[in-house]
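Read the structure below first, then the notes.
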Amino acid sequence: MRPTKRPLLLVLSTATERNPKTDTRGVLRLSMDTPLVEGIVGDHPKAVTVVLSVVGYVVVVGAFVVPSFQELFPRLSLRAVNILGHAIALVNSITVVLLCVGWYWIRAGEVKKHAAAMISSFVLILIFLSMYVPRVAGGGTKEFVLESSYSWVPLWEWIVPAYLAMLAIHILLSILSVPLVLYAISLGLTHTPEQLRTQTPHKRVGQIAAGTWIFSLVLGVVTYFMLNHLYAWEFVAA
């Protein structure tokens, strides 16, 4: 007896229904019923967080102080350094907006929108690193100078220590936020909303991570604006 052939439309419909990450047209969507990522990240989120954090620290430190690592990047002109600096500030500003919106959405119970905002923020941080590391390793850094081409900008002596204090807090919070952000993202990608609420510290870790991340980025944008648009600077090549 020959097997019965089902209509092609029915076969496609059934196949689509079996995939929880697609809608009825087979388009990829953000599913809340199953984790977006499975495997070693979900099995060992803390270990993955530690490994990725160490890698990130090593790359950034290498860009500043390891000549052999700096030689891996092309030499950048001052113009290129300035363009990357402006792009980095723009990326960080957008990230702040996304983080604040994501925080608002989770408090409003909009889980999908929250997840999309936080994943987008994480992607932007990766874009930031892809510009920041070559800029520092292949170009150099700028040092703050208490001078200005604008007569209305104050030149009080305490401006310099205030700038350095904000920069130091920005750097410290950036260092502290790396493992927190990675752990929160790892949990968010590898658990369903129900699992996140009942089986993980995602809410507590996420609040601390987002708070430190936002504060760090805001200080970074403020110091960028002071250094590049209000006051003078001296360029130190890598």
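Structure above, values below:
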| read-out | value |
| --- | --- |
| Evaluated over region 45-97, the Cα radius of gyration and Dmax, each in Å | 14.6, 41 |
| Rg and Dmax of region 130-224, Cα atoms only, in Å | 18.4, 58 |
| Per DSSP, loop GluC sites (Glu not before Pro) in region 156-238 with at most 12 further Cβ within 10 Å | GLU157 |
| Computed E for MET131/VAL153 - FRET, C-beta separation, R0 25 angstrom, nearest 0.05 | 0.35 |
| Alpha-carbon Rg with Dmax, taken over the chain, Å | 23.0, 94 |
| Mean separation of Cα contacts under 8 Å (6+ apart) over length of region 70-186, as relative contact order % | 31 percent |
| Sites ARG107 and LEU176 - FRET efficiency at Förster radius 22 Å, r taken between beta-carbons, to 0.05 | 0.40 |
| Degrees between helix 8-17 axis and first principal axis of the chain (Cα, 0 to 90, nearest 10) | 50 degrees |
| ³J(HN,Hα), Karplus 6.51/-1.76/1.60, whole Hz, each residue of region 182-188, x for Gly, Pro | 4, 5, 4, 5, 4, 5, x |
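Any read-out appearing in this document is the output of simple, stated calculations on the displayed coordinates, not a laboratory observation. What you are looking at is a predicted structure, and each value in this text was computed from that prediction instead of being measured. Positions of Cβ are generated from backbone atoms using ideal geometry, with glycine treated the same way; all protein chains shown enter the neighbour counts.
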